[in-house]
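Heads up: the structure comes next, in structure tokens.
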Amino acid sequence: MQKLAVRDVMVPLEKYATIHKDSLLIDAIDALEKAQEAFEGSPYVHRAVLVYDDTHKIVGKLSQLDVIKCLEPKYESFGDIRSSSLSGLSPELIRSMMEKYSLWQVDLDDICSRVAGKKVKNVMYQPAEGEKIDADATMGEALHSLILGHHQSLLVTQDGEIVGILRLVDVFKLLCERVKKCRT
């Protein structure tokens, strides 16, 4: 693989949707929509908002899944479901979990109106070290991290600070373009 660095493919922080940790969830949704408008016409829109603190340091990420999950607060009683997989569970077991915990039993409009005022810091996800990669790392290293971690993105660091995000969708697009060049 050509020595392409992560920095050559990442979305720089200044081009990505960001929001302060004390902002409201509804404001994060607005920020995500605004960022998606900037990518209008492209199938590769933003699917998360990066969260910063008072020093403008990135401290978390708020994904579409995080927003949806917060609509049903009973998921909090499950602990860290991010590291577990439901792929091996039968549809019957998944249905029984929904029944046992009475998940998604309240009217959706009621749920949505209840969470609009939640603070981002109470909903965001704090990425682990394994979800970060240095800007000078090779694309081979990035691919390895994306595959092994089943990540949709990696936070890109330089000198310990987050400077961008490497999205799986951008890496996939790059690889597809290179595969197409190999047509005989």
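The values are calculated or read from the model by the stated rules, or taken from the named source; none is laboratory data. Here the structure is a predicted model, which means the values were calculated and not measured. Methodologically, a virtual Cβ is constructed for each residue, glycine included, from the backbone with ideal geometry; neighbour enumeration extends over all protein chains shown.
Points to keep in mind about this one:
- The condition of being part of a loop (DSSP other than H, G, I, E, B), more than 16 Å from the chain's Cα centre (by Cα) and of a type outside the set (S, T, N, Q) holds for only one of 114, 178, 183, that being 183.
- Only a single criterion out of (1) surrounded by 15 or more Cβ atoms within 10 Å (Cβ to Cβ); (2) closer than 26 Å to residue 113 by Cβ; (3) modelled with pLDDT of 85 or more is not satisfied by residue 26, namely (1).
- The stretch 3-23, subset in contact with a helix residue (DSSP H, G or I) (Cβ under 6 Å, 6 or more places away or on another chain) and aliphatic (A, V, I, L, M), residue surrounded by the fewest Cβ atoms within 10 Å (Cβ to Cβ): 4
- Only one entry of 94, 147 meets the criterion of being within 25 Å of residue 60 (Cβ to Cβ), aliphatic (A, V, I, L, M), without any contact (Cβ under 8 Å) to a residue 24 or more places away in the chain and surrounded by fewer than 16 Cβ atoms within 10 Å (Cβ to Cβ), and that entry is 147.
- Test set (1) farther than 28 Å from residue 26 by Cα; (2) free of Cβ contacts under 8 Å to residues at least 24 places away in the same chain; (3) exposed (fewer than 13 other Cβ atoms within 10 Å of the Cβ) - residue 110 fails condition number: (1)
- Sub-7 Å Cβ pairs linking a first residue in the stretch 166-182 that is in contact (Cβ under 8 Å) with a residue 40 or more places away in the chain to a second residue that is part of a helix (DSSP H, G or I), at least 6 apart or interchain, are 166/6; 166/142; 171/142; 171/143; 171/146, ordered by first then second residue.
For every residue, the table says whether it meets (1) under 19 Å from residue 10 (Cβ atoms); (2) of a type outside the set (Ser, Thr, Tyr); (3) outside any helix (DSSP H, G or I).
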| residue | (1), (2), (3) |
| --- | --- |
| 65 | no, yes, no |
| 76 | no, yes, no |
| 157 | yes, no, yes |
| 174 | yes, yes, no |
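- Verdict on residue 123 being at pLDDT below 85 and among the β-branched types (Val, Ile, Thr): no
- Total residues in the stretch 130-155, condition part of a helix (DSSP H, G or I) and touching a Ser or Thr at 6+ places or on another chain (Cβ under 9 Å): 3
- Scanning the stretch 13-24 for residues that are over 15 Å from the mean Cα position of the chain (by Cα) and outside any loop (DSSP other than H, G, I, E, B), we see that the one that is nearest to residue 120 (Cα to Cα) is 24.
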